[in-house]
1. Quickly run through the range 256-310 and pick out the residues that are part of a helix (DSSP H, G or I), among the aliphatic types (A, V, I, L, M) and surrounded by 12 or more Cβ atoms within 10 Å (Cβ to Cβ).
2. Are any residues in the range 167-205 out of contact with any strand residue (DSSP E or B) (no Cβ under 9 Å at 6 or more places or on another chain) and within 23 Å of residue 85 (Cβ to Cβ), and if so, which ones?
3. Among (1) on the phi > 0 side of the Ramachandran plot; (2) open to solvent by less than 90 Å² (accessible area, probe 1.4 Å); (3) modelled with pLDDT of 55 or more, which single condition is residue 40 missing?
4. Report, by residue number, each residue of the range 163-180 that is in contact with a Lys or Arg (Cβ under 7 Å, 6 or more places away or on another chain) and either in a loop (DSSP other than H, G, I, E, B) or not polar (S, T, N, Q) (or both).
5. Residue 132 passes all but one of (1) open to solvent by 20 Å² or more (accessible area, probe 1.4 Å); (2) assigned to a loop (DSSP other than H, G, I, E, B); (3) closer than 30 Å to residue 54 by Cα; which number fails?
6. Output the residues belonging to the range 325-359 that are charged (D, E, K, R), surrounded by 12 or more Cβ atoms within 10 Å (Cβ to Cβ) and within 23 Å of residue 263 (Cβ to Cβ).
7. If we scan the range 163-182, do we find a residue that is crowded, with 19+ Cβ neighbours inside 10 Å, on the phi > 0 side of the Ramachandran plot, in contact (Cβ under 8 Å) with a residue 24 or more places away in the chain and of a type in the set (Ser, Thr, Tyr)?
8. Restrict the check to the range 337-347 and report whether at least one residue is assigned to a helix (DSSP H, G or I) and either touching an Asp or Glu at 6+ places or on another chain (Cβ under 8 Å) or under 26 Å from residue 113 (Cα atoms) (or both).
Amino acid sequence: MFCNSWNPDTVSVPLVPQNLMNFDWLLGLQDKLWEAPLSNGLRPCVTPTAKYRAFLLLSCGIHFTCLASQGGDRYITVKSNGGLNQMRTGISDMVAVAHIMNATLVIPQLDKRSFWKDTSTFSDVFDELQFITTLQADVRIVKELPKELGSVPRARKHFTSWSRMGYYEEMTQLWKDYQAYHLSQVIHVAKSDSRLANNDLPVDIQRLRCRALYHALRFSTSIENLGQKLVERLRSRGKRYIALHLRYEKDMLSFTGCTYGLTDAESEELRVMRENTSHWKIKKINSTEQRRAGSCPLTPKEVGIFLQALGYPTSTLIYIAAGEIYGGDAHLSELTSRFPNVVYKETIATLKELREFANHASQTAALDYIISIESDIFIPSYTGNMARAVEGHRRFLGHRKTIIPDSRGLVKIFDKLESGELKEGSPLSHEVLDLHKNRQGTPRKRRGAPLGIKGRARFRFEDSFYQNPYPECICATKNTTE
């Protein structure tokens with residue numbers, strides 16, 4: 001077991017001279033814990049370049065209205081896949097693909113076959129009119145196919161993951177092929193996620209992806225209103241709060257094969273779930289190897305130790321942005337014993353307010369997303385789709401403080417705690433702070449794949465575009481900001 005001899009009510013900070021240990025010093029230290037990194041004058045920039053605007057002006061005239069008729073006989077229908085944020089980024093990719101292929105985009109269908117079996121439609125989650133009108137100068141978007149095409153067979157296409165501009169320019173040949181064979185000019189895209197490369201795309205395509213994600217894909221009015229209301233309630237409770245994406249749900253633990261800290265019965269339950277989920281291809285997973293590789297979510301106990309080592313006091317208000325925690329209070333208590341001021345949407349919203357979102361995972365995830373974006377600090381326990389999307393959005397909005405745990409490094413530290421080689425308090429704090437001094441949302445350009453990684457494998461190792469849209473959608477000069 002971890003050593004628990006350290007008083008959790010003591011702020012974990014490096015040792016300082018006694019004459020500095022006064023209230024003002026501690027108050028200043030606490031303020032520093034919440035400070036966002038310097039943004040160095042960087043601002044969001046999604047305005048099209050002069051070259052792109054000149055093209056639109058030449059093609060469409062001063063009001064950019066020609067796109068309303070362009071691509072009128074070529075349609076792309078999309079079946080989004082995954083959870084909320086996987087769908088959001090996938091839809092943003094499809095906006096750019098439709099633009100490249102000069103096609104009309106039909107409002108995408110949302111995933112109804114994933115783990116949550118959510119029946120939400122596009123308009124249940126997003127503001128449909130906002131989506132259509134915000135992008136009207138870039139791509140024609142319609143709510144549904146024309147009636148005469150509704151029952152016509154569609155060409156089903158699996159676009160290659162992480163493709164570049166040239167791939168989709170070649171795909172425009174499909175329109176000519178279909179026309180030659182008198183086929184319906186409707187392409188159905190079966191999967192939308194990660195269809196565009198992270199890098200080596202024209203800046204205007206990258207900015208179009210940002211306009212789609214950050215401006216056009218606004219949540220529905222009911223979601224936006226409740227989300228902002230819950231943020232206000234959190235502010236009234238503690239002024240400042242941490243949004244913790246505690247990815248410790250049953251499906252995540254089963255999918256990753258991470259069983260550290262679980263009972264034999266719980267581990268077996270997760271194994272059976274993984275075995276019975278047909279679309280999860282990997283069945284046999286070594287939990288120990290997964291954890292050592294940093295591929296497991298931090299446990300609630302590990303999160304508590306991590307937050308204390310960073311210096312946050314036990315009074316810190318923490319919002320849990322997640323679904324149902326596996327094992328319930330039995331596991332969550334290992335966090336709340338250290339940080340009792342923990343809340344969820346179910347504790348700050350009324351039953352009446354949540355009733356319309358019940359059994360709709362995408363809509364409740366959208367509430368978590370809003371609260372996470374607006375938080376003073378965002379910390380994910382696992383780098384998944386939501387963690388990457390929130391990190392990128394917070395960078396876009398001015399590099400709001402986002403602490404990304406170094407899971408692989410932390411496992412080594414936690415193992416030293418468990419063996420007694422390391423004690424909680426200043427020694428632990430020094431190690432954790434040093435490990436995370438450059439992992440708090442400081443501005444940096446998107447990272448490529450490590451040296452030596454070649455071919456398509458590099459796409460799995462480089463930063464996601466939506467995790468860090470700098471430099472294409474984040475600029476320094478005023479004339480390119482919005």
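1. So the first thing to find is which residues in the range 256-310 are part of a helix (DSSP H, G or I), and the list is 256, 264-276, 287-292, 300-310.
Okay, now just the ones that are also among the aliphatic types (A, V, I, L, M), so 265, 270, 272-273, 303, 305, 307, 309-310.
Result: 270, 273, 303, 305, 307, 309, 310.
2. Passing the criteria: 193, 194, 198, 199, 201.
3. Residue 40 satisfies every listed condition except (2).
4. Of the range 163-180, the ones in contact with a Lys or Arg (Cβ under 7 Å, 6 or more places away or on another chain) are 163, 175.
Within the range 163-180, just 175 meets the criteria.
5. Unmet for residue 132, out of (1) open to solvent by 20 Å² or more (accessible area, probe 1.4 Å); (2) assigned to a loop (DSSP other than H, G, I, E, B); (3) closer than 30 Å to residue 54 by Cα: (2).
6. 334, 338 - these are the residues of the range 325-359 that are charged (D, E, K, R), surrounded by 12 or more Cβ atoms within 10 Å (Cβ to Cβ) and within 23 Å of residue 263 (Cβ to Cβ).
7. no
8. Within the range 337-347, the first condition is being assigned to a helix (DSSP H, G or I), and the residues that meet it are 345-347.
Subset that is either touching an Asp or Glu at 6+ places or on another chain (Cβ under 8 Å) or under 26 Å from residue 113 (Cα atoms) (or both): 345-346.
Scanning the range 337-347 turns up at least one residue that is assigned to a helix (DSSP H, G or I) and either touching an Asp or Glu at 6+ places or on another chain (Cβ under 8 Å) or under 26 Å from residue 113 (Cα atoms) (or both).
The values are calculated or read from the model by the stated rules, or taken from the named source; none is laboratory data. Everything numeric in this text was worked out from a predicted model, so none of it was measured. Neighbour counts run over all protein chains shown; Cβ positions are idealised from the backbone, glycine included. For accessibility, only protein heavy atoms count, side chains too; no ligands or nucleic acids. Shrake-Rupley method; radii C 1.70, N 1.55, O 1.52, S 1.80 Å.
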